[in-house]
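Chemist: This is the structure, below, for whatever I ask next.
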Amino acid sequence: MKKLSGWAIFGIILGIFAVFGSMYVIGNYNNLVSLRENVNNQYSNIDVCLQRRSDLIPNLVSTVKGYTNHEKEILTQISESRAKLSGAGNINEKSQASTELTNALSRLLVVVENYPNLKADAQFIALTDELAGTENRIAVARRDYNTAVQTYNQTIKKFPTNIIANMFNFESAERFESTDSAREVPIVNFE
Amino acid sequence: MMNKIKFARILVLFSIMFVFCFSCAKCIVQPTNNFYINDYAGILNQETQDYVLNNSVALCEKTGAQVVVVTVKNLENKKLEEYALDLARNWGIGSSEKGNGLLILLALQERKVRVEVGKGLEGCLNDSKVKRIINDCGVPYFKKDDWNTGVKVLYTEFLTRIYSECNIEMPEEVDKVYSSYTTVDNSMKNIVKVVIFVLIAIVGGFAFCVLVIALRKPKDFFTIHTYGINRNDIYDDDDSDDDDDDDYHDSYFGGGGFWDSGSSTGSGSFWDGGGFSGGGGDFFGGGASGDF
């Protein structure tokens, strides 16, 4: 065996470092991609749930209309916030419109107490149960989405992954907040 | 002598730390050995428990679906829906491909019942239907504190629906008793777990101490007698080391969590020797709740 020169050893060590370094970068990059995909996936889950609720509303409104004459205002409000939700572009608008719709719907359910016939209607009961279930699904989807966002955001901000995230333009994702201030108990006037 | 005492102290300290790391991982109840029936509130008699267990085992064998009944004293200040969802997900009720799990949860103190429906069963058991079943079959009995009848009627109703969804004839009577699964006492299993943990902790602590001492006194541990060896021979050894690197490739491409402390995963099925366990079903908040 011939004696290796100092430069050769240096080169070998450098080569090993380069191999490990690039493997590390690739692994991290792939990890970031899958985390971001997860965020997108959870976001579309929220969309599915929101859509499901929006689809229920026309039926609900028409059922309520059949029994009531004086609740035009609240029905209009529901339709408006539904339209607003479907037109919402970014996450902030969406979460705000979603909260508005939730509030309008819960106000409707309080108003309904005045109409015993409506409350006993089988169609109406089924619709409100579906709505309650969908609200729960939205809450679950929102929680899952926020967890995914948190994991992703933490990962791209931690050293040394943040260097790789910066290099490949991984931007931090926005949380889907339920604005708790907007979720006050609805005040209903029976005058 | 002093060194020995110090050594023992360090060992004990690390053992305790090691055990603590594992013990506070989850804050909801864990499945019992029977998995399908978990009466933590202590309100169901043996007959009801056997009924649920036998029928669930039969159902799982025939259709792959899993129906689990859990009763708890209280929800530990959590929301009912969150508690039920966490439980269903952690236990992994239902199979992972079909997501056909169903959880019936009774909270005594809050006087609430929740039925969590897995993704695969949402088609035949939509939220309004589940709500109606709860109100018709469960709540009337629960209101009178007739837990055994309520659980049986409610459970049977869901069982029937799942069988008819799968187009399988529901068995008239399940007379097989799966007593073999209940022979291992749960407390005994826990003792075994603790013993294993302590053993691991001692080994881990010992290894750590050895490492610490080795780093402190490297001379005693890493004396290499190089007097008779030519320097070149050592360099030759370095070249042959390259082959070993292959072992690391997979882990580097996969998770990439090189700097992260490992996150906790899985449903803890590792320790469930014997008995039944969940298959990792999917839950997205389908189902309904009821008060009684």
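Computed from the coordinates by the stated procedures, all read-outs in this text should not be read as laboratory data. Computed from a prediction, not measured in an experiment: that's the story for all the values here. Cβ coordinates were reconstructed from backbone atoms using ideal geometry, including for glycine residues, and neighbour counts include every protein chain displayed.
Chemist: To test your reading of the geometry: what angle, between 0 and 90 degrees and rounded to tens, separates the Cα axis of helix A:122-157 from the longest principal axis of chain A?
Modeler: Taking the Cα atoms of chain A, the angle to A:122-157 is about 20 degrees.
Chemist: Measure off 7 Å from each Cα along the Cα-to-Cβ vector at B:Lys144 and A:Glu93, then give the distance between these two points in nanometres to one decimal.
Modeler: 5.7 nm
Chemist: What number, in percent, do you get for the relative contact order of chain A if the mean sequence gap of Cα pairs under 8 Å and at least 6 apart is divided by its residue count? Mind showing how you got there, number by number?
Modeler: On the way: 128 pairs, mean separation 63.6, N = 191.
In percent, rounded to a whole number, it is 33.
Chemist: Can you tell me the length gained on complete extension of the stretch A:Ser22 to A:Val110, counting 0.36 nm per residue apart and subtracting the Cα distance? Walk me through the intermediate numbers first.
Modeler: On the way: separation 88, 0.36 × 88 = 31.68 nm, distance 6.12 nm.
Separation in residues times 0.36 nm, less the Cα-Cα distance, equals 25.6 nm.
Chemist: So, one more: How fast does the stretch B:53-117 diffuse by Stokes-Einstein, in µm²/s, taking the Kirkwood radius from C-alpha pairs at 25 °C and 0.890 mPa s?
Modeler: Translational diffusion coefficient: 200 µm²/s.
Chemist: A follow-up question, please. Run the simple label-point estimate for B:Glu97 and A:Ala83 please: 7 Å along Cα→C-beta, distance reported in nm.
Modeler: 4.8 nm
Chemist: Provide the descending list of Cα extents for the stretch A:17-146 along its principal axes, expressed in whole angstroms.
Modeler: Over the stretch A:17-146, Cα extents along the principal axes are 77, 25, 18 Å.
Chemist: Here's a follow-up. Treat each spin label as a single point 7 Å out from the Cα along the C-beta direction, and report the A:Arg52 to A:Glu177 distance in nm.
Modeler: Those two pseudo-labels are separated by 2.6 nm.
Chemist: Applying 1/(1 + (r/R0)^6) with R0 = 35 Å to the Cβ-Cβ distance of B:Val203 and B:Tyr40, what FRET efficiency is obtained, to the nearest 0.05? Can you show the working numbers first?
Modeler: Details: r = 34 Å, r/R0 = 0.97.
Once the sixth-power term is evaluated, E becomes 0.55.
Chemist: A further question on this structure: On a 0 to 90 degree scale, rounded to 10, what angle separates helix A:91-111 from the longest Cα axis of chain A?
Modeler: 30 degrees
Chemist: While we're looking at this one, here's another question. Using the beta-carbon distance between B:Ser164 and B:Gln109 and R0 = 25 Å, what value does 1/(1 + (r/R0)^6) give for FRET efficiency, to the nearest 0.05? Let's see the in-between values first.
Modeler: Working: r = 35 Å, r/R0 = 1.39.
With R0 = 25 Å, the Cβ-Cβ based efficiency is 0.10.
Chemist: Along the charge dipole of the stretch A:43-182, Cβ charges K/R +1 and D/E -1, which of A:Gly66, A:Asn92, A:Val111 sits furthest on the positive end?
Modeler: Going by the charge dipole, the pick is A:Asn92.
Chemist: Label the stretch B:80-175 by shape, choosing from rounded, prolate and oblate, from the square roots a ≥ b ≥ c of the eigenvalues of the Cα gyration tensor; if a/c is under 1.5 it is rounded, and otherwise prolate applies when a/b is larger than b/c, oblate when it is not.
Modeler: oblate
Chemist: Between the stretch A:100-136 and the stretch A:52-79, what's the alpha-carbon centroid distance in Å?
Modeler: 10 Å
Chemist: With a Förster radius of 41 Å, plug the Cβ-Cβ distance of B:Lys129 and A:Gln154 into 1/(1 + (r/R0)^6) and report the FRET value to the nearest 0.05. Working shown, then result.
Modeler: Numbers: r = 40 Å, r/R0 = 0.98.
Result of the calculation: an efficiency of 0.55.
Chemist: Taking the Cβ of A:Tyr29 as the center, what net charge do the other residues with Cβ under 14 Å away carry, scoring Lys and Arg +1 and Asp and Glu -1? Kindly include the intermediate steps, with their values, before the conclusion.
Modeler: Working: positive: A:Arg36; negative: A:Glu37.
Taking every other residue near A:Tyr29 into account, the sum is 0.
Chemist: How do A:Ile74, B:Ile196, A:Ile12 rank when sorted from fewest to most other Cβ atoms within 10 Å of their own Cβ?
Modeler: Values: A:Ile74 21, B:Ile196 11, A:Ile12 15.
In increasing order of surrounding Cβ atoms, one gets B:Ile196, A:Ile12, A:Ile74.
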